[in-house]
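Below is one structure, written out as structure tokens, with a few remarks after it.
The values are calculated or read from the model by the stated rules, or taken from the named source; none is laboratory data. Please read these numbers as outputs of a predicted model, since none were measured by experiment. As a convention, Cβ positions derive from the backbone with ideal geometry for all residues, glycine included, and neighbour counts pool all protein chains shown.
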Amino acid sequence: METESCPGKKENCLNVEPELKDIFTGPVDKHSEEKELSQGPQQEDKEPHGKGDTRLDSQGEGNRAAKLNPVPISKPDGTEIPCVEESKLKKTPSFTKTVRFSETESAEDRECSEESLFPDYKMPWTSSCFEELFLAEDWEDITDDRMLRKKVLEPGPKQAEHPAWGQEVTVKMQGLLEDGTVVEKDPKLVFIIGEGDVNQALEECVLTMQKDEIVLLLADSQYTYGLLGREPDIPAWAPLLYQLQLLEIREKPNSLVLPVSDRIRIGNQKREKGNFHFQREEYSMAARSYLMALDVLTTRTLESGCVLLEGEEEEVQDYRVKCLNNLAAAQLKLEQYDDALHTSRDVLSLDPQNVKALFRTGKLLSDKNEYQEAMELLKKALKLEPSTKAIHAELSKLVKRQSGGKDTQKWQTKPAQILGENIDPFMTSKKKPPGISWKFLVGALVVALGSLVTSVVLTARN
């Protein structure tokens, strides 16, 4: 996997967008390095990079291992023995701002080596399993099904405010499995409540908290990552235990007053979240994320006379094309064909040479029996990518539809046609095989009858 330069940083970070490449509605090609959904003919996209908002940059060092400071162990006589080895947590790709870790040290060394974001509060997994915590009386139920519970470790000030739906919050957070493995960790996680930037458990819990409040949050898998889990660190059906502190509450920023570089950063974050949902076949949530990304990815501004930096407008347009293509793919999975057609046309208005949009639009028009425009778009796509089998197959279908389905001739292009302006299929009706003459049948019947009469006469004489 290639690395890309993180905005505003000298280090390289992994491009962690899910690899989603298929043909129209085909399976995901996990070996592809393409970063955009490809439901149609394949094309290579190179993503430009913009400078990001530092408050949104939590992935930082990319694939570097996060070294944890060793915690010394005290002997009974008061002397300290330092840990011999530094333990490491290997950072894994993350679909949102949340930093994920997979532990490499043994469980016995965890207490010695792991640096907690909440050193003053001991996690309860050492004395109780999650099943006992779900039944404990000193925990507060957030939902009626008792599958989402919290325990206040340190209450906020009496007059402290609660966040509301649609506001932006900053929290300090770390999440653990039942065996104590740290799978999520972020000292300043920023998200907007209700926009799906984080899992449902975190959103529901934050709504019940006051500023500066510190809680334990016990969440069943249905409120986190469900039956699919999250590769490679969270198994299927795994409940999680979070430690949370609500640090800040503020109104959601207006994207029209943000710098364009920050809009690109936020828009791509939401697009990656959409790709995460698409891989999990959660197509409605994927489409919602793509629409929110498109709302942010704009060069419009409330301030008149605002001057864009060189290349910013082209960069925003490139990312809008990616979001629109991804949105059309999700709409096709949801069988929202008219919406997918409209979205694909939006792509072509920004990039008339986009092969995916040409193919997708041509196929949808063919399904609507608008053969002439469909043929023009598919020919254009074929000219751009003459080796793509999906285009040939769709043109073959279109030819059969135009002929009423009677002609089974397949679309076959000639080398001269591929490079020409007009790529027309040559229709040749198949010749019928010559039939058997009726005269021949009558003659054969007469001969047979004559033979029969002769044999009868000879038998009678004998």
Q: Could you tell me whether region 318-334 includes any residue that is among the polar types (S, T, N, Q) and outside any helix (DSSP H, G or I)?
A: no
(Q) Every residue in region 267-300 that is of a type in the set (Ser, Thr, Tyr) and under 10 Å from the mean Cα position of the chain (by Cα), please. (A) TYR283, SER289, TYR290
Q: Read through the list (1) surrounded by 14 or more Cβ atoms within 10 Å (Cβ to Cβ); (2) touching a helix residue (DSSP H, G or I) at 6+ places or on another chain (Cβ under 7 Å); (3) modelled with pLDDT under 80, then give the number of the only condition that LEU378 fails.
A: (3)
Q: Return a yes/no flag: does region 356-363 have any residue that is in contact with a His (Cβ under 6 Å, 6 or more places away or on another chain) and within 30 Å of LYS397 (Cβ to Cβ).
A: no
Q.
For region 122-142, check the following and say yes or no: at least one residue is within 13 Å of LEU244 (Cβ to Cβ) and either of a type in the set (Lys, Arg) or crowded, with 19+ Cβ neighbours inside 10 Å (or both).
A. yes
(Q) Out of the residues in region 354-374 meeting the condition of being basic (Lys, Arg) and surrounded by 14 or more Cβ atoms within 10 Å (Cβ to Cβ), tell me which one is farthest from GLU315 (Cα to Cα). (A) LYS363
Q. Quick one: LYS185 ticks every box in (1) outside any strand (DSSP E or B); (2) modelled with pLDDT of 90 or more; (3) farther than 14 Å from LEU247 by Cβ bar one, so which box is it?
A. (1)
Q: Would you mention how many residues in region 317-366 are more than 24 Å from SER387 (Cα to Cα) and among the hydroxyl-bearing types (Ser, Thr, Tyr)?
A: 4
Q) Which one is surrounded by the most Cβ atoms within 10 Å (Cβ to Cβ) among residues in region 143-176 that are more than 30 Å from SER255 (Cα to Cα) and of a type in the set (S, T, N, Q)? A) THR143
Q: Find all pairs meeting these conditions: Cβ atoms under 8 angstrom apart; at least six residues apart or on different chains; first residue within region 128-148 and farther than 14 Å from LEU217 by Cα; second residue not acidic (Asp, Glu).
A: SER128/ALA136
Q) If ASN326 passes every condition in (1) polar (S, T, N, Q); (2) modelled with pLDDT under 95; (3) closer than 30 Å to SER366 by Cβ but one, which one does it miss? A) (2)
Q: Out of GLY229, GLY156, GLY175, GLY196, report the one residue that is closer than 30 Å to LEU291 by Cα, of a type in the set (Gly, Ala, Ser) and in contact with a Leu (Cβ under 9 Å, 6 or more places away or on another chain).
A: GLY175
Q: Any residue in region 377-391 that's of a type in the set (Asp, Glu): show its pairings with residues that are not in a helix (DSSP H, G or I) at Cβ separation under 8 Å, as long as the two are six or more apart or on different chains.
A: GLU385/PRO41; GLU385/GLN42; GLU385/GLN43
Q | The listed residue being assigned to a helix (DSSP H, G or I) and either modelled with pLDDT of 90 or more or touching a His at 6+ places or on another chain (Cβ under 9 Å) (or both), out of ALA393, ALA444 | A | ALA393
Q: Please go through region 329-353 and pick out each residue that is surrounded by 22 or more Cβ atoms within 10 Å (Cβ to Cβ), in contact with a helix residue (DSSP H, G or I) (Cβ under 6 Å, 6 or more places away or on another chain) and farther than 25 Å from GLN402 by Cβ.
A: ALA330, GLN331, THR343, VAL347
Q. Hey, among THR224, THR208, THR181, which residue is out of contact with any helix residue (DSSP H, G or I) (no Cβ under 8 Å at 6 or more places or on another chain) and within 21 Å of PHE130 (Cα to Cα)?
A. THR181
Q. Just wondering, is there one or more residues in region 410-422 that are of a type in the set (A, V, I, L, M), in contact with a Ser or Thr (Cβ under 8 Å, 6 or more places away or on another chain) and either at pLDDT 95 or above or over 25 Å from ALA286 (Cβ atoms) (or both)?
A. no
Q: Residue by residue through region 368-390, note down the ones that are not in a helix (DSSP H, G or I) and not β-branched (Val, Ile, Thr).
A: LYS368, ASN369, GLU370, GLU385, PRO386, SER387
Q: Identify the residue in region 299-316 that is exposed (fewer than 14 other Cβ atoms within 10 Å of the Cβ) and in a helix (DSSP H, G or I) and, among all such residues, is modelled with the lowest pLDDT.
A: GLU313
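Quick grid of which residues meet (1) part of a loop (DSSP other than H, G, I, E, B); (2) in contact (Cβ under 8 Å) with a residue 24 or more places away in the chain; (3) of a type in the set (S, T, N, Q):
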position: GLY196; (1), (2), (3): yes, yes, no
position: CYS205; (1), (2), (3): no, yes, no
position: MET209; (1), (2), (3): yes, yes, no
position: LEU217; (1), (2), (3): no, yes, no
position: GLN222; (1), (2), (3): no, yes, yes
position: TRP237; (1), (2), (3): yes, no, no
position: LEU246; (1), (2), (3): no, yes, no
position: ILE249; (1), (2), (3): no, yes, no
Q.
Looking at region 244-269 only, could you name the residues that are touching a Gly at 6+ places or on another chain (Cβ under 8 Å), buried (at least 20 other Cβ atoms within 10 Å of the Cβ) and not basic (Lys, Arg)?
A. LEU246, VAL260, ASP262, ILE264
